[in-house]
Amino acid sequence: MHSIKIALSRYGWFTAGVLLNAFGVALITKVALGTSPISSLPYVLSLRFPVTLGQFTFLMNMLFILAQVLLLRKDFRPVQLLQVAVNVVFSLFIDVSMGLLSWMEVGVLPMRLLALAVGCAVLGFGISVEVAPRVLMVPGEGIVQAIAVVTGRQFGNVKTAFDATLVSTALLLSLLFFHRLQGLGIGTIFSALAVGRFVDLYNRRLPLISRISALGART
């Protein structure tokens, strides 16, 4: 019974982290200085086609899950198929969060930069909470891990190259669709640099993250 309570607690924290991630992505996007690197491609596509950011995020993440299966083959753990459910929750809550923030009109640049920093802080906190219980990988991290395993390269190096590829693709599509930068900007660069710093800060300084992580050590 105790182990079931711990498992439920771990998955509960993981879900809370995913929801915070989605809200952080929406908040960064609403500032209109460019969205986060992982969301750059679906965001540019959502500006061109009558499909929402969350819907394009869902489609992209489904491709990431399929790619993991193809890359890892027999080494792909069946439990990671739960990433599909995570993808549904994450993508849906991005659109819900965009709706909740529909009132947001941040005009002057200092306020926009402040809102951007808050969005990065929220996203970083969500990532810390999501990773700490060690239950599942989200699709964007799962595909990076799969590539790292297959190529034998370090996760961090693959993550950097992967994010750069997404942003570069989004940049090319933006120029193709709009003949100018649309959906990308200083916010994309800032979030790429800042979110990881926030994650490191929370992991070092917040007792809550240590307590959540300890739940995984008990199973």
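Tabulated results
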| quantity | calculated |
| --- | --- |
| Surface accessible to a 1.4 Å probe, per residue, for the residues of the stretch 86-219, Å² | 54 |
| Under the Debye formula (equal points on every Cα, no solvent term), log10 I(q)/I(0) of the stretch 1-131 at q = 0.11, 0.13, 0.17, 0.18 Å⁻¹ | -0.45, -0.60, -0.94, -1.02 |
| Helix-only [θ]222 nm of the chain, DSSP H runs n ≥ 4, -39500 (n - 2.57) each, per residue, nearest 500 | -26500 deg cm²/dmol |
| The stretch 1-78: Cα Rg divided by the 2.2 N^0.38 Å rule of thumb | 1.42 |
| Exposed trypsin sites (Lys or Arg not before Pro) absent - longest run of the chain, DSSP non-H/G/I/E/B, at most 15 other C-beta within 10 Å | 1-133 |
| For the chain, alpha-carbon Rg and Dmax in angstrom | 17.3, 59 |
| Residues of type lysines that K74 reaches as a straight line, Cα spacing below 30 Å, ignoring anything fewer than 8 places off in the same chain | K159 |
| Mean-position separation - Cα centroids, the stretch 4-44 and the stretch 156-212, in angstrom | 12 |
| Over 24 Å [Cα-Cα, the stretch 54-181], rounded percent | 41 |
| Largest-first principal axis extents, alpha carbons of the stretch 63-127, Å | 53, 20, 18 |
| Å² of accessible area per residue within the stretch 3-45, as computed with a 1.4 Å probe and no ligands counted | 33 |
| Contour excess over end-to-end distance, with Cα ends at L101 and M1 and 0.36 nm allotted per residue | 32.0 nm |
| Gain on full stretching of the segment that runs from N157 to M111 - 0.36 nm per residue minus C-alpha separation | 13.2 nm |
| Shape box of the stretch 164-219 [Cα atoms, principal axes, largest first, Å] | 53, 23, 13 |
| Acute angle (nearest 10 degrees) that the helix 2-30 long axis makes with the longest principal axis of the chain, alpha-carbon atoms | 10 |
| Accessible-area composition of the stretch 79-219, carbon plus sulfur, in percent [1.4 Å probe] | 69 |
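The values are calculated or read from the model by the stated rules, or taken from the named source; none is laboratory data. All figures in this text were calculated on a predicted structure; none of them were measured in a lab. Cβ: placed from backbone, ideal geometry, glycine included. Neighbour counts: every protein chain shown. To get the accessible areas, we keep the full protein, side chains included, count just its heavy atoms, and leave off ligands, DNA and RNA. Shrake-Rupley method; radii C 1.70, N 1.55, O 1.52, S 1.80 Å.
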